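Below is one structure, written out as structure tokens, with a few remarks after it.
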Amino acid sequence: MMDRSLKALSLLLTYPSTELQAAMPEITAVLVADSRLTALARRELSALCGGLAEGDIYDLQETYVGLFDRSRSLSLNLFEHVHGESRDRGSAMVDLLETYRTGGFEPVTGELPDHLPVLLEFLATRPAEEAKAILADAAHILTVLERRLAGRESPYAAAFAALGQLAGTVAAKETVEALLAEPEDDPQDLAALDAVWEETQVTFGPDPNAGCPQVRGMLSRMDQPARPAAAGAAG
């Protein structure tokens, strides 16, 4: 059975489009009706949905890119926070893609498999306890992203607060504080951003010898700061 709230949150965190704006009434209705979320969470999600529905599409797109595409500290590619620029990120990507395919899920997007909206779309199709457990394993990084967005007064923080509530767990305060204490090395201009992405490109593809790795195993180290890349390492 589809978890409609996870699907709705997956859509909320995608690049804004006129199609997304048209779907906002339905997305809003799903989220404000979810009793797993607090009244405050539902109000803040309603405000986020309203802003996305009514805002100028070009302004919305510019804001999205500024937050999630030009800021490594807010990246929606989860393994960026787990593996940083290490070579482990590529193999983890292969494993995650195999997990999707084993579950009968084939991403139809140009995004990497660890892109949060893609993962949420997958989890929306999984049994409730499995999806909840995977979100719980990611609670630390989701909380950090919520805190960083709240610090920038971004309404997108509401989506991460909701994910934390759907996970049904509270991230350890010490771990969150340790992650927040890590310096944010976001590029300060487009040239620097291009250089970062050139250095951190990830290649992956189906592994015919792969088994059926579990997403929980791949996300279980999200409560640890990403390891610094070795000199000259390529993703």
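Checking each residue of segment 143-156 against the condition of being modelled with pLDDT under 95, buried (at least 19 other Cβ atoms within 10 Å of the Cβ) and over 19 Å from residue 12 (Cβ atoms) gives no match.
So for segment 101-116 (the condition being in a helix (DSSP H, G or I), in contact with a Leu (Cβ under 8 Å, 6 or more places away or on another chain) and farther than 19 Å from residue 163 by Cβ), does at least one residue qualify? Working first, answer last.
Residues of segment 101-116 in a helix (DSSP H, G or I): 101-102, 116.
Those left that are additionally in contact with a Leu (Cβ under 8 Å, 6 or more places away or on another chain): 116.
Then drop every residue that is not farther than 19 Å from residue 163 by Cβ, which leaves none.
Among the residues of segment 101-116, not one is in a helix (DSSP H, G or I), in contact with a Leu (Cβ under 8 Å, 6 or more places away or on another chain) and farther than 19 Å from residue 163 by Cβ, which makes the answer no.
Residues in segment 137-163 that are part of a helix (DSSP H, G or I) and within 15 Å of residue 48 (Cβ to Cβ): 145, 146, 149, 150, 157, 158, 159, 160, 161, 162, 163.
To keep it simple, each residue is scored yes or no on (1) touching a Ser or Thr at 6+ places or on another chain (Cβ under 6 Å); (2) of a type in the set (D, E, K, R); (3) part of a helix (DSSP H, G or I).
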position	(1), (2), (3)
9	no, no, yes
14	no, no, no
21	no, no, yes
29	no, no, yes
44	no, yes, yes
51	no, no, yes
63	no, no, yes
81	no, no, yes
91	no, no, yes
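Please work out which residue is farthest from the chain's Cα centre (by Cα), limiting yourself to segment 125-161 and to residues that are farther than 18 Å from residue 114 by Cβ and hydrophobic (A, V, I, L, M, F, W, C). My answer is 128.
Filter segment 36-69 down to residues that are within 15 Å of the chain's Cα centre (by Cα) and not aromatic (Phe, Trp, Tyr) and give me whichever is surrounded by the most Cβ atoms within 10 Å (Cβ to Cβ). It would help to see each step written out before you state the result.
In the first step, residues of segment 36-69 are kept if they are within 15 Å of the chain's Cα centre (by Cα); the result is 64-65, 67-69.
Still in the running and not aromatic (Phe, Trp, Tyr): 65, 67, 69.
Working: 65: 13, 67: 19, 69: 14.
So, considering only residues that are within 15 Å of the chain's Cα centre (by Cα) and not aromatic (Phe, Trp, Tyr), the one surrounded by the most Cβ atoms within 10 Å (Cβ to Cβ) is 67.
Every residue, every condition in (1) touching a Leu at 6+ places or on another chain (Cβ under 8 Å); (2) closer than 22 Å to residue 162 by Cα; (3) acidic (Asp, Glu), yes or no:
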| site | (1), (2), (3) |
| --- | --- |
| 30 | no, yes, no |
| 45 | yes, yes, no |
| 48 | yes, yes, no |
| 59 | no, no, yes |
| 62 | no, no, yes |
| 70 | yes, no, no |
| 75 | no, yes, no |
| 98 | no, no, yes |
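The values are calculated or read from the model by the stated rules, or taken from the named source; none is laboratory data. The shown structure was predicted, so the numbers you read here are calculated from the model rather than taken from an experiment. Using ideal geometry, Cβ is built from the backbone for each residue, glycine included, and neighbour counts are taken over all protein chains shown.
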